Each structure stands twice: as C-alpha cells, then as structure tokens.
Ligand SMILES: Cc1cc2nc3c(=O)[nH]c(=O)nc-3n(C[C@H](O)[C@H](O)[C@H](O)COP(=O)(O)O)c2cc1C
C-alpha cells in the first residue's frame, strides 16, 4: 500500500544480532523518532536510558538472562517518569501526589508509544530489535542498577542491533476476534482454540506450550511482586 504500512506489516521481533554497530547518526534518528510520538498533555512522562557499555549490558543480563541483552549493540531502557513533575511541584510550591493507576497509565502509555516509534524507526534503517518487559520481574534491582530516583520505574527496554535471524511475521488473532463494530462482542472458547491452532502451525517444533497455556501461566496466578514493591518504594502506588 505504501512504504510505511509495508514496514509496519513486516515487523518481527529480533533476538539475535551480528556484531555490526548502529551508527551514532542512526541512533540519534531512532531516539528522535521515538520522542516524536504523541504524549499525554505533552508531559513526556518517560525517560530513555541509552545503554551501550558491555559493563552495563552484562549487569542487566545477569538480572534478566535474555541473550538479546548481551548481543544487542544498544539497549534503550524506557523509564516511567514523574520525577520532572515533582520538580514542577517544587517550582510552584505545590502539593505533589503522583500515586495511582491513572498516573501509571499516563507514563506507561507515553513510554510505549515512544518505544514503538523507536523500534519502527530502527527497522526502517535495517536494524531489528525486541522489547524486553521481563526486566520488571527484577524491577527493584534494575532501578538500583540505573540509579532511578523517586517517582520513576522501569517499564521495558528495547534491545537493538543488526539482525542475525529472520523469522516470518507472526500471525495475529483473526481480524474479527479483535476488531468489533460499534460495540464489544463477547466470544466463546472457539476463538481461543482457533488461535492456539494458528500459533501452533506458525511455531511448529519451536512451540513449548500453546498460546492459551501461556496466557494461563501469566494470569492463572497473582501478579509478580517486584513491580508493586518498587512502585511503592518510589511513591507511585
Ligand atoms: C511490552 C513488551 C514486552 C516484551 N517482553 C519481551 C521479553 O521480555 N522477552 C522477549 O523475548 N520478548 C518480549 N516481547 C516481544 C513479544 O514476545 C513479541 O512482540 C510478540 O511475541 C509478538 O511477536 P513479534 O513482535 O515478532 O510480532 C515483549 C513485547 C512487548 C510489547
């Protein structure tokens, strides 16, 4: 249809990289594209920590042992950030209360939009990458590693580099299972069963568990504690 949409439709996460570096010019373009995303009331309630040193990559990998972290040329760590808002409150000698789900949604949505823009920009320049949200399982340790102040929390990082693997595009849910006309349409088990089959066909021998089993592994138990502990420590919950 056009180059932009073709690029979006060809997205596939990349978790293995060659040793080729991302040029400084390209990295700046990727970050600028990220920062151009829409943002709630222009608050820009996130920060991006650029990680290129082996020392920091190794320390992050020790906390979240995903090979993409070590292999990536650059890691962009996206931090939900109401710290600058606390400075605005100081400036105006105002009360400050950034606690609660609405404020978390403001910073998380802002960061997600900037992150997705960044990854797309990287893909348009011939790089690849993957979001890594599992860092939230060690949120307190990640916050300490990157010296995050009050009112901030790690949301995800993106590992970026020159792809050393190419997977076909992963099929999404069927259109009618996720796009409704005019009102919500509840569905039965058949939607889940049908997509389990689509995912199994796609993954083949690589599949360890079905899509619905992965959902149950996530939602069949109380959520992990680390994010909640950190959010309380940073006065956000
Ligand atoms: C917020 C977020 C966190 C993610 N965290 C991880 C992660 O920790 N490790 C990983 O390998 N992939 C992670 N992913 C990548 C997803 O698994 C991937 O996007 C999804 O399976 C769809 O595949 P695709 O991106 O290749 O289309 C994450 C994606 C998002 C949006």
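Derivation of every value follows stated rules applied to the coordinates shown; laboratory data play no part. The structure presented is a predicted model; accordingly, all values stated were derived computationally and were not measured. Backbone-built Cβ (ideal geometry, glycine too); neighbour counts: all protein chains shown.
For this structure, a couple of remarks:
- Candidates 68, 21, 217: whichever shows maximal mean-square fluctuation once the chain is modelled as a Gaussian network with Cα springs under 10 Å: 217
- Legend: calculated FRET efficiency, residue 232 to residue 5, from the Cβ-Cβ distance at R0 = 41 Å, rounded to 0.05, equals 0.45.
- Backbone N within segment 95-114 under 19 Å of label point (7 Å from residue 44 Cα along the Cβ vector): 106-114
- For the residues 97, 150, 73, a GNM of the chain with alpha-carbon springs under 10 Å puts the largest fluctuation on 97.
- Two-site label geometry, residue 206 and residue 184: point separation in nm, points 7 Å out along Cα→Cβ: 3.3
- Pairwise FRET efficiency - residue 25 versus residue 192, Cβ, R0 = 45 Å, nearest 0.05: 0.50
- Taking a ≥ b ≥ c as the square roots of the eigenvalues of the alpha carbon gyration tensor, segment 121-215 is prolate, as a/c is not under 1.5 and a/b beats b/c.
- Peptides 218-225, 118-125 ranked from most to least packed, by the mean per-residue count of other Cβ atoms within 10 Å: 118-125, 218-225.
- C-alpha center-to-center spacing [segment 1-52, segment 192-216] in angstrom: 29
- Subtracting the Cα-Cα distance of residue 12 and residue 162 from 0.36 nm times their residue separation leaves 52.7 nm of extension gain.
- Between 103, 54, 42, the GNM of the chain built on Cα springs shorter than 10 angstrom shows 42 fluctuating the most.
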